[in-house]
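**Q** Pasting in a structure now, in structure tokens, and then I'll have a few things to ask.
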Amino acid sequence: GLPPREPQLRTGFAPSVIAIAAVIVGLFFGLTQYTELAENAQEQVERYYKYFIDVQVMIFIGFGFLMTFMRRYSYGAVSLNYFASALMFLEAILMIGATQQVFWNYHRTKIQIDMALLIDCAFCAGSGMIAFGAIIGKATPTQVLWLLFWQVPLYALNQQLVIHTFKALDMGGTIVIHLFGAYYGLAASLMISRKQPLHGLDNPKNSGAYLNDIFSMIGTIFLFIYWPSFNGALASVAYANQTSATYAEKSAQFLAIVNTLLSLLGAVLSVFATSALVGGRFNMVHIQNSTLAGGVAMGAACTLRLTPGGALAVGLGAGAISTLGFQYLMPFLDRTIGLGDTCGVHNLHGIPAIVGTLVAGLAALGQHSDYLEHDTGRQQLGYQVLAGVVTMGIAIAGGLLGGFVVSWFNPCRDETMALPELFDDGPWW
Amino acid sequence: GLPPREPQLRTGFAPSVIAIAAVIVGLFFGLTQYTELAENAQEQVERYYKYFIDVQVMIFIGFGFLMTFMRRYSYGAVSLNYFASALMFLEAILMIGATQQVFWNYHRTKIQIDMALLIDCAFCAGSGMIAFGAIIGKATPTQVLWLLFWQVPLYALNQQLVIHTFKALDMGGTIVIHLFGAYYGLAASLMISRKQPLHGLDNPKNSGAYLNDIFSMIGTIFLFIYWPSFNGALASVAYANQTSATYAEKSAQFLAIVNTLLSLLGAVLSVFATSALVGGRFNMVHIQNSTLAGGVAMGAACTLRLTPGGALAVGLGAGAISTLGFQYLMPFLDRTIGLGDTCGVHNLHGIPAIVGTLVAGLAALGQHSDYLEHDTGRQQLGYQVLAGVVTMGIAIAGGLLGGFVVSWFNPCRDETMALPELFDDGPWW
Amino acid sequence: GLPPREPQLRTGFAPSVIAIAAVIVGLFFGLTQYTELAENAQEQVERYYKYFIDVQVMIFIGFGFLMTFMRRYSYGAVSLNYFASALMFLEAILMIGATQQVFWNYHRTKIQIDMALLIDCAFCAGSGMIAFGAIIGKATPTQVLWLLFWQVPLYALNQQLVIHTFKALDMGGTIVIHLFGAYYGLAASLMISRKQPLHGLDNPKNSGAYLNDIFSMIGTIFLFIYWPSFNGALASVAYANQTSATYAEKSAQFLAIVNTLLSLLGAVLSVFATSALVGGRFNMVHIQNSTLAGGVAMGAACTLRLTPGGALAVGLGAGAISTLGFQYLMPFLDRTIGLGDTCGVHNLHGIPAIVGTLVAGLAALGQHSDYLEHDTGRQQLGYQVLAGVVTMGIAIAGGLLGGFVVSWFNPCRDETMALPELFDDGPWW
């Protein structure tokens, strides 16, 4: 085993957590309250709770186990995923809650915790776990902590812009969750990895092992199963509005579920075919990751009437593109600009999210305006593109800044990771 | 490791998938549409979605991990389960959709995709994964692909006969899913295995290993937990009919859940006792598989008023019979007729499904006619037996034919599997 | 491998199971019936079924996998958890059913099986699995069987006293499930372990291994995700009462979910910080167990208006206390009184349950009486303490007696476990 870095967790990590927790609990006492209990608490539970739990399975089991594929970083994958998701969730209650309810929209004086906000916070943690996938194994726990802490306010700001200001279609978070999380993490990785030799595909520890790959499939398959719940979590109609709702509103959750399911099924097919074609054999990395590209690519367009064939075609395309990304683009970026991407989030989340943003915009051209947030499909397309560009801008700028601060400025005085410590959780466990 | 069979996935598997996917997506564009969205899409989600997801967990996690017990075929188990289930699901939308809605019953011109159809398609994939359990490790991926592709139209035809023509009781699919899937797979296995030495219990790779067996228990326990959802998935009353429904209709889902649960709990008890008795120690194969026989045996009878004691007794019996099947019948069939059955689906699905078919028929004799599909219990018993016999006939004939085509006719020109390749996914991964 | 104990399962375990199963099935035929099907069976399914299944995931996957951390006792952990939970579930239908419906309250002549009773029975099995965690690896399967068999009537009696006689607040079972289960198991362990050298922390087999610890995290994270369902399972308002219910009743399930979630998230934060502080590195035992203390500590108080900050603070405290218990109290009790506690249930369930009992009592002081079971908070506090004391008394007395009978009286004539057999499932598998 590796020598432990014992003082470092005591002097950097633990004080950071204690300080953050103290601030969070103080702000909770001062700024939060339950939703108006009397009126609709039970209704909220019936409407949202099942979806909330499904999303939680994706965040904590799905992402946590998906990243256990590394022989020497499985403790780190599942545990840091657990810790960081919990941290981001609590922080997001304050940040997203304040953004949505206090600064904009309702202008309340207190943040009301309701089921829909909790789903949004789980989404934010999901975005963080995508970013984590780009830096896992290369950052110390303290660096992970502060990088993901810093992601939350940017997430809240970007979500407000995309959903409320630009009124982009993004029910399943293709833009605000996947596109944002992937490029935030990749930008941070670019900064952090600069100091590290062998931080990429040439490091032998940065690869799977037989039993670890089976653990990883637990993550993959739960993500696959619950993805329709993810995309459709917030798409239901409130009980009170069920008679006055438009057809589009009444069918949004059904469409989100069916479109996402068909897209995922299509991606599974195309990934197995593409993986066999490009490699001559099946590659577990492709199976674990690219099969899920169908869910990413459908997040923005899922509430539209794409037709079942259209949804299936999106998935077939997304799966193939993602597999090709793993096979060709990822080694290219690794070699040329030294872009470390431990879990390949660029191929699973980044590129499919670009595809999905465009799919939603182009599909909007043929939709009845009830299904859109803008008056015409052409306007909607324009705002989809704008949302995507702004999201990438905030994500990349924020990730570069965050990565720079934790690695070059290094306020917690973590030693730089030595070569044998890369992709190995031994120093911390 | 084993030498890869690199050209073969490129020349056989990938082109097969691409051709099938092209046909499927074309037919989707031409033949399918969403259910009537305006009227009841949200209601369908509320009524069925939870059950659909539970069934998906069973198909993709349950069957996928149940089959990971082999030390050298865990990649193959969980991945081919994933791929083939997705393929069968999509194909089933077309095949079952056309059978139920176009050829028979509604005589629509388009297949309407609704939540109940999606559950039926997941059931069909489940039937395929049962068949897969009989041939896993002995067939190339291309052979698996075409065998399971061929199972779908037969499944759709048989389901139409059993449910709509014979009006057999089969809410949980004892007949159409388990009986059909098991004998289809066993018949195919008989054909495929003929050319292979050491394709059965005498092959040392055809057995569990400590950690693999724990992975397998993930499958077992999720199947156990969600089985009541499986049997009761389609048993609820539509909202619109809730006042006019009979007592039997209003209680069908409750009965399916409680009867299935009690039967499963009974099976767990009897399996541990029987396993200890026959072997002197606990056998993981029995625990992983036979405890689930309670769910199989209750699939046809679950909506009847069996009394709680009756449901428990069925499970106690089914668990014991299944364990005895693993211990005595399986080696006997392996030795005498060379029936390879990698996962023992004959003992988990085949025999318990025969038991379950008879349980439903005999229990029908004492039920009020509201609970039956025919006027008298005696008629119902007759049709149960007829449904079982027809199902076994179609399954065995279809499986023999399919197995013959992929192994002896061998259109994709796969080489015969060599001895070290049996129960080893090394050539493909 | 270890030599098998072949005759012993045949002569002790199997006959015990057969005898118990025979009695249970007989009593089922004589004493049980379905709930009144006509009136509300479908409503019960809609109200409770999702929560029932979530609890089942916790019992069978959660506890089952949490205990797989031992390198040589993973078969035993997941399998005996499966068997014993099924046994206790069936027994609990009779014992809890008779206690609640026949002896007290309704004075029916038959036990009616409804969804709420099934949830109660799953809770009882959960209590048993907590107790199992204290003795796992040190008791033979036959001893486990009889110890947990004997726990059920005591559980039913204690639940009746705590909930119906004392009217304690305990929606999530802090008192009746966790406090009771932990001290029952610990008392039994004290008896059983007396005869065994190296039954505690000094036995090298009583510790985790890398891949086993990842399996254990499957249990942890599913317990974490579904815990809000556990605490809130029985907190919903019946459909028929939704207009006449008080605000407190209408908000109970929402509060249970949100308070439990926040408490768990807080515990995750404090456990990682505390673990790093006390050990200098992260300890998987802390992560696997203490992060869940937030759910235990919130079980009694979850339906109160604690404020979000209060719920978070409870979790932060419970996580830290539990971690300190693992680090300091557990080795102390191991050394001084020889208290073997294989899974550390004292730290995860025992102490956090004491905390949670007091939290509920103290929080009651500031609540509107609608949220209480007694007229004033002061009375409620008194009855909470009384319930806790009585529960610990019954649990400890019952556990000592049960442990004494199975180990010293030893009716099934199991040989005492030899040193190499401790924490090793080899003799039985």
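**Q** What residue, of B:I257, B:I287, B:I337, B:I354, is more than 20 Å from the chain's Cα centre (by Cα) and of a type in the set (V, I, T)?
**A** Matching residue, one of B:I257, B:I287, B:I337, B:I354: B:I337.
**Q** Right, another one. What number of residues within region C:229-245 satisfy the criterion of being of a type in the set (S, T, N, Q) and more than 10 Å from chain A (Cβ to nearest Cβ)? Can you show your working first?
**A** First, the residues of region C:229-245 that are of a type in the set (S, T, N, Q): C:229, C:231, C:236, C:241-244.
Now restrict to residues that are more than 10 Å from chain A (Cβ to nearest Cβ): C:231, C:241, C:243-244.
Selection size over region C:229-245: 4.
**Q** Still on this model: Among the numbered conditions (1) small (G, A, S); (2) within 14 Å of chain A (Cβ to nearest Cβ); (3) crowded, with 24+ Cβ neighbours inside 10 Å, tell me where C:A188 comes up short.
**A** Status for C:A188: all satisfied but (2).
**Q** Another question, then. In region B:1-18, what count of residues is obtained for those that are more than 8 Å from chain A (Cβ to nearest Cβ) and under 30 Å from B:Q101 (Cβ atoms)?
**A** 1
**Q** Of all residues in region C:38-75, which are more than 23 Å from C:W227 (Cβ to Cβ) and out of contact with any Phe, Trp or Tyr (no Cβ under 7 Å at 6 or more places or on another chain)?
**A** Residues satisfying the conditions are C:E39, C:N40, C:R71.
**Q** Are any of the residues in region C:39-49 aliphatic (A, V, I, L, M), at the interface with chain B (Cβ under 8 Å from one of its Cβ atoms), buried (at least 20 other Cβ atoms within 10 Å of the Cβ) and over 26 Å from the mean Cα position of the chain (by Cα)?
**A** Residues of region C:39-49 that are aliphatic (A, V, I, L, M), as a first pass: C:41, C:45.
Those still in the list that are at the interface with chain B (Cβ under 8 Å from one of its Cβ atoms) too: C:41, C:45.
Checking which are buried (at least 20 other Cβ atoms within 10 Å of the Cβ) leaves us with C:41, C:45.
Those left that are additionally over 26 Å from the mean Cα position of the chain (by Cα): C:41.
Yes, that holds for at least one residue.
**Q** Do you know which residues across region C:62-95 are touching a strand residue (DSSP E or B) at 6+ places or on another chain (Cβ under 9 Å) and hydrophobic (A, V, I, L, M, F, W, C)?
**A** Once the filter is applied, which keeps residues that are touching a strand residue (DSSP E or B) at 6+ places or on another chain (Cβ under 9 Å) and hydrophobic (A, V, I, L, M, F, W, C), region C:62-95 yields C:F69, C:M70, C:A77, C:I93, C:L94.
**Q** Please work out which one of (1) among the hydrophobic types (A, V, I, L, M, F, W, C); (2) at the interface with another protein chain (Cβ under 10 Å from one of its Cβ atoms); (3) crowded, with 24+ Cβ neighbours inside 10 Å is the condition A:V278 fails and give its number.
**A** The number of the failed condition is (3).
**Q** Among the candidates B:L312, B:L269, B:L265, B:L316, single out the residue that is touching a residue at least 40 places away in the same chain (Cβ under 8 Å), within 8 Å of another protein chain (Cβ to nearest Cβ), under 25 Å from B:A360 (Cα atoms) and more than 23 Å from the chain's Cα centre (by Cα).
**A** Exactly one of B:L312, B:L269, B:L265, B:L316 is touching a residue at least 40 places away in the same chain (Cβ under 8 Å), within 8 Å of another protein chain (Cβ to nearest Cβ), under 25 Å from B:A360 (Cα atoms) and more than 23 Å from the chain's Cα centre (by Cα), namely B:L269.
**Q** Please tell me if C:K205 is part of a loop (DSSP other than H, G, I, E, B) and basic (K, R).
**A** yes
**Q** Taking region C:96-112, which residues are surrounded by fewer than 22 Cβ atoms within 10 Å (Cβ to Cβ) and hydrophobic (A, V, I, L, M, F, W, C)?
**A** Across region C:96-112, the qualifying residues are C:A98, C:V102, C:F103, C:W104.
**Q** Can I ask one more? Of the numbered conditions (1) within 21 Å of the chain's Cα centre (by Cα); (2) free of Cβ contacts under 8 Å to residues at least 12 places away in the same chain, A:V345 satisfies every one except a single condition; which is it?
**A** All conditions pass for A:V345, except number (2).
**Q** May I ask you to verify whether C:R108 is without any contact (Cβ under 8 Å) to a residue 12 or more places away in the chain and charged (D, E, K, R)?
**A** Taking the combined requirement at face value, the residue satisfies it.
**Q** Right, another one. Considering each residue of region B:96-128, count those that are hydrophobic (A, V, I, L, M, F, W, C), more than 16 Å from A:L265 (Cα to Cα) and out of contact with any Lys or Arg (no Cβ under 7 Å at 6 or more places or on another chain), and give that number.
**A** 6
**Q** On to the next question. Restricting attention to region A:208-238, which residues are more than 30 Å from A:L372 (Cβ to Cβ), outside any helix (DSSP H, G or I) and of a type in the set (A, V, I, L, M, F, W, C)?
**A** If the condition is that a residue be more than 30 Å from A:L372 (Cβ to Cβ), outside any helix (DSSP H, G or I) and of a type in the set (A, V, I, L, M, F, W, C), then A:A209 is the only one that fits.
**Q** For region C:109-139, which residues satisfy the criterion of being more than 25 Å from C:E43 (Cα to Cα), within 14 Å of chain B (Cβ to nearest Cβ) and not small (G, A, S)?
**A** Matches in region C:109-139: C:M129 only.
**Q** A follow-up question, please. Is there a residue being within 20 Å of A:F132 (Cβ to Cβ), touching a His at 6+ places or on another chain (Cβ under 9 Å) and not aliphatic (A, V, I, L, M) anywhere in region A:352-359?
**A** Applying the first criterion (within 20 Å of A:F132 (Cβ to Cβ)) to region A:352-359 yields A:352-353.
Keeping just the survivors that are touching a His at 6+ places or on another chain (Cβ under 9 Å) gives A:352-353.
Cutting the leftovers down to not aliphatic (A, V, I, L, M) gives us A:352.
Yes.
**Q** Quick check on region B:201-227: of everything there that is within 10 Å of chain C (Cβ to nearest Cβ) and free of Cβ contacts under 8 Å to residues at least 60 places away in the same chain, which residue is surrounded by the fewest Cβ atoms within 10 Å (Cβ to Cβ)?
**A** Looking at the filtered set, the residue picked out is B:Y210.
**Q** Further, regarding this structure: Of all residues being among the aromatic types (F, W, Y) and more than 15 Å from A:I394 (Cβ to Cβ) in region A:114-167, which is surrounded by the most Cβ atoms within 10 Å (Cβ to Cβ)? Just the residue, please.
**A** A:F132
**Q** When you look at C:E373, is it modelled with pLDDT under 95, under 18 Å from C:S193 (Cα atoms) and of a type in the set (D, E), yes or no?
**A** no
**Q** I'm checking my understanding of the structure. Among residues of region A:19-36 that are farther than 20 Å from A:M115 by Cα and crowded, with 18+ Cβ neighbours inside 10 Å, which one is farthest from the other protein chains (Cβ to nearest Cβ)?
**A** If we take residues in region A:19-36 being farther than 20 Å from A:M115 by Cα and crowded, with 18+ Cβ neighbours inside 10 Å, then A:I20 is farthest from the other protein chains (Cβ to nearest Cβ).
**Q** Next question, about the same structure. Filter region B:228-244 for residues that are among the aliphatic types (A, V, I, L, M) and under 17 Å from B:S127 (Cβ atoms); which is surrounded by the fewest Cβ atoms within 10 Å (Cβ to Cβ)?
**A** B:L234
**Q** Scan region B:330-362 for residues that are surrounded by fewer than 24 Cβ atoms within 10 Å (Cβ to Cβ) and over 30 Å from B:D424 (Cβ atoms) and jot them down.
**A** B:I354, B:V355, B:L358, B:L362
**Q** Among the residues in region B:52-68, are any at pLDDT below 95, at the interface with chain A (Cβ under 9 Å from one of its Cβ atoms) and in a helix (DSSP H, G or I)?
**A** No, there is no match, as no residue in region B:52-68 is at pLDDT below 95, at the interface with chain A (Cβ under 9 Å from one of its Cβ atoms) and in a helix (DSSP H, G or I).
**Q** Starting from region B:246-258, take each residue that is facing chain C (nearest Cβ under 7 Å) and list its partners that are in a helix (DSSP H, G or I) and aromatic (F, W, Y), counting only C-beta distances under 8 angstrom and pairs at least six apart or across chains.
**A** B:I257/C:Y49
**Q** Then there is this: Being part of a helix (DSSP H, G or I) and in contact with a helix residue (DSSP H, G or I) (Cβ under 8 Å, 6 or more places away or on another chain) is the requirement here; does C:A22 meet it?
**A** No; evaluated as a whole, the condition is false for this residue.
**Q** Anything in region A:283-309 that is facing chain B (nearest Cβ under 10 Å), among the β-branched types (V, I, T) and touching a strand residue (DSSP E or B) at 6+ places or on another chain (Cβ under 9 Å)? List them, or say none.
**A** Result: A:T307, single match.
**Q** Taking region A:376-417 as the region of interest, how many residues are farther than 25 Å from A:L154 by Cα and either surrounded by 15 or more Cβ atoms within 10 Å (Cβ to Cβ) or touching a Ser or Thr at 6+ places or on another chain (Cβ under 6 Å) (or both)?
**A** The qualifying residues number 3.
**Q** Do we find that A:A84 is modelled with pLDDT under 95, buried (at least 20 other Cβ atoms within 10 Å of the Cβ) and in a helix (DSSP H, G or I) in this structure?
**A** Against the criterion (modelled with pLDDT under 95, buried (at least 20 other Cβ atoms within 10 Å of the Cβ) and in a helix (DSSP H, G or I)), A:A84 does not qualify.
**Q** For residues in region B:69-78 being over 17 Å from the mean Cα position of the chain (by Cα) and in a helix (DSSP H, G or I), which is surrounded by the fewest Cβ atoms within 10 Å (Cβ to Cβ)?
**A** So, considering only residues that are over 17 Å from the mean Cα position of the chain (by Cα) and in a helix (DSSP H, G or I), the one surrounded by the fewest Cβ atoms within 10 Å (Cβ to Cβ) is B:Y75.
The values are calculated or read from the model by the stated rules, or taken from the named source; none is laboratory data. These figures come from a predicted structure and were not determined experimentally. Glycine also receives a Cβ, built like all others from the backbone with ideal geometry; neighbour counts cover every protein chain displayed.
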